[in-house]
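The values are calculated or read from the model by the stated rules, or taken from the named source; none is laboratory data. It should be emphasised that the depicted structure is a prediction, and the values quoted were computed from it without experimental measurement. Every residue, glycine as well, gets a Cβ built from its backbone with ideal geometry; the counts of neighbours run over all protein chains shown. Ligands, DNA and RNA are excluded from the accessible area calculation, which covers all protein heavy atoms including side chains. Shrake-Rupley method; radii C 1.70, N 1.55, O 1.52, S 1.80 Å.
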Amino acid sequence: MILLDPHGAALVVNGRLEDLVLDPRAEDTTPAPGAVHLARVDRLVPKGGAAFVQLGDERMGYLREAKGLAEGHRLIVQVTSFAEPGKASPVTARVLHKSRTVIHSPHAPGINVSRQIKEPEERARLGAAAEAALPSVSDQPDPGGFILRTAARDVASAEITEMAAHLLRQRRAILDESKAGRIGRMAAMPPPRAMTLALAEWTNPLPDQILMEGAIWDGLFHGNGAAEAVAELAFSQVLANRCVDAGRALPFALQDVWDEVDHLRGPRADLRSGGWLSVEATAALVAIDVNTGGQFGGGDALTANLEAAREIPRQLRLRGLGGIVTIDWAPLPKRDRRRVEDALKTALRFDPVETTLAGWTPLGLLELTRKRERRPLAEMFG
């Protein structure tokens, strides 16, 4: 079940909170992943081939590929992840326009279909549907290309064409807005809302129900700009049929999401085996300590470690944590490391945030790096 609440979106599976995205306060100007800015090169980093760029609102970005740029040059960039404390926001000049089913890549021509869609007929159909949108920008010299996502499977060709055309219009609006030359976040492509992210990332496979607060329901299906919102979300009829109007009730309250959030603001996360995790975010890294809960037998330690391996991605996801993560397991013989590592890898396959295992340290800690796609929960609550 997906919950769409005035404060954000939540994914609940079998009564358990599995993912959570909260919308920032209106006054929060922190550069967020997906947002597009017209930037100005502030200074080059010659040895690294990079540049620091001004994003507006006294915010700075760090562009890794700055070949051919000079100080004062203006360019369109997209924020790729949240900044580490005290550092510039990572940005790229290769902007991507994403929807639930289609991605428009202005800098990469051609049409590509997800490798998860293996049927030749379906691949050909989707490619033709996306290509049909290109005549709508015949006056644009370099329209770029499209990527058909796995969620595009079995979606009507007309809906794919309309989504591709919508993304092309979005690109055109960005280019038009950039002509004004004002440094800052572009109104044509603000950061994705929690609702947009939820319906793009949590609907493959389709949820059994999408429960939304009444005002969201009215705005999406009956309000001004409803058609544009539906297009933005690639809101197919199959998806719309699963929507439920909660009326005046708040979905987060109905499913006790705020109780879970209060618990997540503390370091402890209990495991069903009786053990528990301590998750602490520091300036340098996220430290996770696995505890057996007072049971000291070898079998108990392995049970706690395996359960912890399955739980850790969920805790990082819900808490919005990224960067370097170091895990200190309960007593773990070297012969059991592979089992624990495999359990963690399996859990990470279902996690939408890019995470890479870096390996084991001489002290028996497991390290990984995780993209900062989420705002830490602790920061959002001050």
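Take segment 84-95 and flag every residue that is in a loop (DSSP other than H, G, I, E, B), in contact with a strand residue (DSSP E or B) (Cβ under 7 Å, 6 or more places away or on another chain) and of a type in the set (Gly, Ala, Ser). Break it down stepwise before answering.
Within segment 84-95, the first condition is being in a loop (DSSP other than H, G, I, E, B), and the residues that meet it are 84-88, 93-95.
If we keep only those that are in contact with a strand residue (DSSP E or B) (Cβ under 7 Å, 6 or more places away or on another chain) too, we end up with 84, 88, 93, 95.
Hits for segment 84-95 are Ala88, Ala93.
Of all the residues that make up segment 262-287, how many are assigned to a loop (DSSP other than H, G, I, E, B), touching a residue at least 12 places away in the same chain (Cβ under 8 Å) and within 20 Å of Arg370 (Cβ to Cβ)?
Within segment 262-287, the first condition is being assigned to a loop (DSSP other than H, G, I, E, B), and the residues that meet it are 265-267, 271-275, 282-285.
From what's left, touching a residue at least 12 places away in the same chain (Cβ under 8 Å): 265, 267, 271-275, 283-285.
Subsequent filtering for residues that are within 20 Å of Arg370 (Cβ to Cβ) retains 265, 267, 283-285.
Selection size over segment 262-287: 5.
Where residues in segment 151-204 are of a type in the set (Lys, Arg) and in a loop (DSSP other than H, G, I, E, B), which of them is least open to solvent (accessible area, probe 1.4 Å)?
So the first thing to find is which residues in segment 151-204 are of a type in the set (Lys, Arg), and the list is 153, 169, 171-172, 179, 182, 185, 193.
Keeping just the survivors that are in a loop (DSSP other than H, G, I, E, B) gives 153, 179, 182, 193.
On the way: Arg153: 78, Lys179: 159, Arg182: 154, Arg193: 103 Å².
In this case the residue turns out to be Arg153.
What pairs can you find where one residue is in segment 33-57 and closer than 13 Å to Val79 by Cβ, the other is open to solvent by 40 Å² or more (accessible area, probe 1.4 Å) and assigned to a helix (DSSP H, G or I), and their Cβ atoms are less than 9 Å apart, with a gap of 6+ or different chains?
Listed pairs, sorted by first residue: Gly34/Leu197; Leu38/Glu177.
Could you tell me how many of the residues in segment 252-279 are surrounded by fewer than 16 Cβ atoms within 10 Å (Cβ to Cβ), within 16 Å of Arg319 (Cβ to Cβ) and touching a helix residue (DSSP H, G or I) at 6+ places or on another chain (Cβ under 8 Å)?
Summing the residues that are surrounded by fewer than 16 Cβ atoms within 10 Å (Cβ to Cβ), within 16 Å of Arg319 (Cβ to Cβ) and touching a helix residue (DSSP H, G or I) at 6+ places or on another chain (Cβ under 8 Å) in segment 252-279 gives 2.
Give the residue that is surrounded by the most Cβ atoms within 10 Å (Cβ to Cβ), with candidates limited to residues of segment 280-297 that are out of contact with any strand residue (DSSP E or B) (no Cβ under 9 Å at 6 or more places or on another chain) and of a type in the set (A, V, I, L, M, F, W, C).
Checked segment 280-297; the qualifying residue surrounded by the most Cβ atoms within 10 Å (Cβ to Cβ) is Phe296.
Looking at Lys67, Lys47, Lys87, Lys118 in this structure, which one is under 25 Å from the mean Cα position of the chain (by Cα), surrounded by fewer than 21 Cβ atoms within 10 Å (Cβ to Cβ) and charged (D, E, K, R)? Steps first, please.
On the way: Lys67 fails: under 25 Å from the mean Cα position of the chain (by Cα); Lys47 fails: under 25 Å from the mean Cα position of the chain (by Cα); Lys118 fails: under 25 Å from the mean Cα position of the chain (by Cα).
Among Lys67, Lys47, Lys87, Lys118, only Lys87 is under 25 Å from the mean Cα position of the chain (by Cα), surrounded by fewer than 21 Cβ atoms within 10 Å (Cβ to Cβ) and charged (D, E, K, R).
Determine, yes or no, whether Ala26 is of a type in the set (Gly, Ala, Ser), assigned to a strand (DSSP E or B) and out of contact with any helix residue (DSSP H, G or I) (no Cβ under 7 Å at 6 or more places or on another chain). Spell out the reasoning first.
On the way: of a type in the set (Gly, Ala, Ser): yes; assigned to a strand (DSSP E or B): no; out of contact with any helix residue (DSSP H, G or I) (no Cβ under 7 Å at 6 or more places or on another chain): yes.
No, not satisfied.
Could you list, in sequence order, all residues of segment 83-96 that are over 12 Å from Gly61 (Cβ atoms) and touching a Ser or Thr at 6+ places or on another chain (Cβ under 8 Å)? Reasoning before the result, please.
Here is the first cut: in segment 83-96, the ones over 12 Å from Gly61 (Cβ atoms) are 84-86, 94-96.
Of everything in segment 83-96, those that are over 12 Å from Gly61 (Cβ atoms) and touching a Ser or Thr at 6+ places or on another chain (Cβ under 8 Å) turn out to be Arg94, Leu96.
Report whether or not Trp329 is open to solvent by 10 Å² or more (accessible area, probe 1.4 Å) and touching a residue at least 24 places away in the same chain (Cβ under 8 Å).
Details: open to solvent by 10 Å² or more (accessible area, probe 1.4 Å): yes; touching a residue at least 24 places away in the same chain (Cβ under 8 Å): yes.
When the stated conditions are applied, Trp329 passes them.
Taking segment 11-30 as the search range and keeping residues that are farther than 16 Å from Trp258 by Cα and either of a type in the set (Lys, Arg) or touching an Asp or Glu at 6+ places or on another chain (Cβ under 6 Å) (or both), which one is most open to solvent (accessible area, probe 1.4 Å)?
So, considering only residues that are farther than 16 Å from Trp258 by Cα and either of a type in the set (Lys, Arg) or touching an Asp or Glu at 6+ places or on another chain (Cβ under 6 Å) (or both), the one most open to solvent (accessible area, probe 1.4 Å) is Arg25.
Only residues that are within 24 Å of Val91 (Cα to Cα) and touching a residue at least 60 places away in the same chain (Cβ under 8 Å): list them for segment 137-163, please.
none
Which of the residues spanning segment 323-382 are in contact with a Leu (Cβ under 9 Å, 6 or more places away or on another chain) and at positive phi?
Gly323, Gly359, Gly364
Any residue at all in segment 221-241 that's outside any helix (DSSP H, G or I), open to solvent by 20 Å² or more (accessible area, probe 1.4 Å) and at pLDDT 85 or above?
So far as segment 221-241 goes, no, none of its residues is outside any helix (DSSP H, G or I), open to solvent by 20 Å² or more (accessible area, probe 1.4 Å) and at pLDDT 85 or above.
Yes/no per residue for (1) assigned to a helix (DSSP H, G or I); (2) within 25 Å of Leu175 (Cβ to Cβ); (3) touching a residue at least 40 places away in the same chain (Cβ under 8 Å); (4) among the basic types (Lys, Arg):
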site: Gly72; (1), (2), (3), (4): no, yes, no, no
site: Ile76; (1), (2), (3), (4): no, yes, yes, no
site: Phe82; (1), (2), (3), (4): no, no, yes, no
site: His104; (1), (2), (3), (4): no, yes, yes, no
site: His107; (1), (2), (3), (4): no, yes, no, no
site: Gln116; (1), (2), (3), (4): no, no, no, no
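May I ask you to say which residue of Ala187, Ala194 is within 21 Å of the chain's Cα centre (by Cα), under 30 Å from Met60 (Cβ atoms) and without any contact (Cβ under 8 Å) to a residue 24 or more places away in the chain? Show your work before the answer.
Values: Ala194 fails: without any contact (Cβ under 8 Å) to a residue 24 or more places away in the chain.
None of the others qualify; the one that does is Ala187.
Might you check whether a residue that is charged (D, E, K, R) and open to solvent by 20 Å² or more (accessible area, probe 1.4 Å) occurs anywhere in segment 1-10? Please lay out each step first, then the result.
Initial filter on segment 1-10 (charged (D, E, K, R)): 5.
Going one step further and asking which of them are open to solvent by 20 Å² or more (accessible area, probe 1.4 Å), we end up with none.
No, because not a single residue in segment 1-10 is charged (D, E, K, R) and open to solvent by 20 Å² or more (accessible area, probe 1.4 Å).
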